[in-house]
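First up is the structure itself, then whatever we jot down about it.
The values are calculated or read from the model by the stated rules, or taken from the named source; none is laboratory data. In this text, all values refer to a predicted model and were calculated from it rather than measured experimentally. We place every Cβ from the backbone using ideal geometry, glycine too, and count neighbours over all the protein chains shown.
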């Protein structure tokens, strides 16, 4: 069972970003896998720390976690921390030089070449689109998306080496991934120039016998299906990131990320304004004058709306909490019903006579305004 992220880092729930970062640095120094090779407990502890930091260091994910706990993080893909992830994250805080010697002595895995050498090339990020119905965008849904791109070669398992063989130490750089050139400056010492090994391209190892299926790349082109959990409240044009679901890395390198762009066609009933929904309710001129009762559609069942006599065009009725679930927070937006009055057209002579008689019987008092048009617009858009 996962531990509370604040307990993992040893900070209080009101800790600021600086305190959280400081706590992570302190704990991560002691249990980084490169400092404690072949120690699964230290590796597990570092993964736990890295996951806690990833959540608490981001304002949005931290807010979701504070409100809902681990349930608030569902649908938010988390980084799958492997050796390369450790190095990337660790270098942000400590730099590469502090642990260079430890890296050279500790050995490597998870897509890395020789100890201290460059990792295998990361896979490409891939973007796909998924079309949702309006209801699916509001309530969330599980969708299957077809992803076309690089996948690990089935013959060599992604290593790039022929079955039964492996990667050999680079004969030029002797596994360091770097070449050093020393030039004498006469009586002023030496000038040392370091460059990436041109034979292994910095990895420290080479494939002596490449896989014939993928020609040593470790990758092949194919299509696959990925299930995406779309959270409730997502809007048209927003994107979801699924870490490690993109293109496969070369020769065992880390996979890229999959970005899923959401497409939501316009709804026939509602206009979405952020987390609010706007619905236009048409009534006749007669119903506006005499009053009427109408059925207004809502996400969770129709609403009976009673309109009093003298209802004016542009009047707004707001139903709190009947809109779209908030993607990055608690609760739901509002449903705003805007009344429009339909004016009759193509009048007969008899209808025109009746309206002229009605006009003769009315005066300024019948048309006194109790709310300005600008106030009605402010009510609709929350201004």
Report summary line: Note on the stretch 134-156: residues out of contact with any strand residue (DSSP E or B) (no Cβ under 8 Å at 6 or more places or on another chain) and either surrounded by fewer than 18 Cβ atoms within 10 Å (Cβ to Cβ) or in a strand (DSSP E or B) (or both) are 135, 155
Query raised in the report: Here are some conditions: (1) under 27 Å from residue 222 (Cα atoms); (2) in a loop (DSSP other than H, G, I, E, B); (3) in contact (Cβ under 8 Å) with a residue 24 or more places away in the chain. Residue 202 meets all but one. Which one does it not meet?
Result: (1)
Report summary line: Among the residues of the stretch 214-248, the number that are under 16 Å from residue 154 (Cβ atoms) and surrounded by fewer than 15 Cβ atoms within 10 Å (Cβ to Cβ) is 5
Report task. State whether one or more residues within the stretch 334-342 are more than 30 Å from residue 230 (Cβ to Cβ) and either surrounded by fewer than 14 Cβ atoms within 10 Å (Cβ to Cβ) or outside the structural domain of residue 368 (by TED's automatic domain parsing) (or both). Result -> yes
Query raised in the report: modelled with pLDDT under 95 and surrounded by 13 or more Cβ atoms within 10 Å (Cβ to Cβ), is that true of residue 329?
Result: yes
**Report entry** Extreme residue, modelled with the highest pLDDT, among residues of the stretch 58-80 that are surrounded by fewer than 16 Cβ atoms within 10 Å (Cβ to Cβ) and not in a helix (DSSP H, G or I)
**Finding:** 58
Report task. Could you tell me whether any residue of the stretch 271-284 is in a loop (DSSP other than H, G, I, E, B), touching a residue at least 40 places away in the same chain (Cβ under 8 Å) and under 30 Å from residue 347 (Cα atoms)? Result -> no
Report task. Identify, from the list 251, 281, the residue that is surrounded by 16 or more Cβ atoms within 10 Å (Cβ to Cβ) and in contact with a strand residue (DSSP E or B) (Cβ under 6 Å, 6 or more places away or on another chain). Result -> 281
Report task. Of all residues in the stretch 205-216, count the ones that are in contact (Cβ under 8 Å) with a residue 24 or more places away in the chain and in a loop (DSSP other than H, G, I, E, B). Result -> 7
